[in-house]
Amino acid sequence: MSTLGVVAALALGGLAAVAVAVARAMRSPEDHPAAVLLRPRPSGLRRVAFLGASIIHGRVSAPIPQRVRVLMARAGAAIDVVNAGLNGDLAWNALQRAPAVLRCAPTDVVVLVGSNDVMGSLSARDARRYLAAKRLPQLPDAAFYERSLDALLCELHSAPGVRIAVCTLPFLGEDLASAENQRVRAYNALVQQVATRRGVPVLDVYSALVGALEARGGKGRAAPLLGARLLLPILLREVGRCSFGTIGKIFGFKLLSDGIHLSESAADCVAELIAAWLRQAEHGSVEPADLAGRGAP
């Protein structure tokens, strides 16, 4: 359905159409922890848990866990997947859900969380919105993110034998010089610091996506869509059945779908990075700096 068709559908369905689309976007991923615990564990397969927010959840962003599963199967190293992504979560929220992830007895955990921490730190209004919506114990800021991520990695380390990797955060909007992306890089520096402190490998998603963006000719639309403006991409996806890449093109992005979430091409890039770590980790050849990088300056 075209953008015009989505608008027409909204005119006919009004708030009901919006409510249905948002409900679809919020539904749990197929491999969420509670569902995984109810099914028999496949014999002999590594169980890889992905812990994060909407970029992991995969309803408003091109899904990553399924792509990693396909890549690993093609490499002859099939995996079982736990998708512990939840739209809108901050690192503190992911920390609260870590015990549920560990109950699934994963062999590996990939952490990608913090974009909402960044967005919650951009203004006092954003901070108050996240405080209420996500029931945080304090207003989000950089120190809160660092403490939450540190506690999260410690919690995951409490499970014997579990391999952990933590990802740097994608850019927000495609102007890498923007205030939002200066903040992203500051938070990615915290990811590096916490990971080094805890001896956890860093998968440099930010730098990988910068390379992919440059390969497409550099920046697209500068500012991410925020607040109520995120409703239109959701409607284009859930009502119009548009791909995430098509949604990105509509809004002027080259790699992102709405300035926050990933297109299919971006998700492929991240999945390849994670699959490379899983293949190396399986053979015991990964050191903390192997796939880290330092992020773009």
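Worth pointing out:
- Choice from P160, P65, P106 showing the highest fluctuation, given a GNM over the chain with Cα pairs closer than 10 Å: P160
- Gained length - V70 relative to A23, 0.36 nm times residue gap less alpha-carbon distance: 14.2 nm
- Built amide H within the under 5 Å cut-off of V113, gap 5+: C167
- A Gaussian network model of the chain, with springs between Cα atoms under 10 Å, assigns the largest mean-square fluctuation among A275, A75, A189 to A75.
- For peptides 257-269, 193-205, sequence by mean Cβ density within 10 Å, most packed first: 257-269, 193-205
- Label-to-label distance, nm, for residues given as A186 and Q280 (7 Å Cα→Cβ offset): 3.0
- Alpha carbon centroid spacing (whole Å) that separates region 232-256 from region 77-97: 24
- Rg(Cα)/(2.2 N^0.38 Å) for region 21-144, N = residue count: 1.13
- Sites A35 and S123 - FRET efficiency at Förster radius 45 Å, r taken between beta-carbons, to 0.05: 0.75
Read the figures in this text as sums done on the coordinates, not as results from a lab. Just so it is clear, the model here is predicted, and its values are computed rather than measured. A quick note on method: Cβ atoms are made from the backbone with ideal geometry, for glycine too, and the neighbour counts reach across all protein chains shown.
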